[in-house]
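Nothing in this text is a laboratory measurement; each read-out follows from the coordinates by a stated rule. Computed from a prediction, not measured in an experiment: that's the story for all the values here. In this analysis, Cβ positions are derived from the backbone assuming ideal geometry, glycine residues included, and neighbour counts consider all displayed protein chains.
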Amino acid sequence: MKTLRYAFWAIVALILILVGLANRGMVTLRAMPASFSDYLGISPDIQMPLFVAIFIGVGVGLLLGFVWEWIREYKERAVGRAKAREVEALRRELAALKTSQAPKGDDVLALLGR
């Protein structure tokens, strides 16, 4: 199984390297349109290789997806915590009942009154 896992990650790494090599050209990322930045007098631009922009976009998308899913599953986590508290309370109650109602002798003799 480890071999399959290593092979999978090796293929993923190879694909990422190929994407990086194929997209080495420099691109300019702008925070706002050129006409708007000219009007305001500021131009927050950054130049980077295209593969870096692609990988940052994929990373931000994954991060937003994970956060969105974590928020969406809040109700399920709350129900799970409530059930765990209920199970623990029932275990404590069962343990208390076992110790308080433990028979002192033989059950058959206790039924016969001896």
(message) For Met1, Met26, Met48, which order do you get if you count the other beta carbons within 10 Å of each Cβ and list the fewest first?
(response) Met1, Met26, Met48
(request) Select from Val52, Trp9, Ala96 the residue farthest towards the positive end of the dipole of the chain; place +1 on Cβ of Lys and Arg, -1 on Cβ of Asp and Glu, and compute about the Cα centre. (result) Ala96
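Add -39500 (n - 2.57) for each DSSP H run of 4 or more in the chain, then divide by its residues: what number comes out at 222 nm, to the nearest 500 deg cm²/dmol?
-24500 deg cm²/dmol
On average, how much area does the Cα convex hull of region 2-101 cover when viewed from any direction, in nm²?
Working: hull surface 54.1 nm².
Reported value for the Cα convex hull: 13.5 nm².
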(request) Please give, to one decimal in nm, the separation of the simple spin-label points placed at Phe55 and Met32, each 7 Å out from Cα toward the Cβ. (result) 3.1
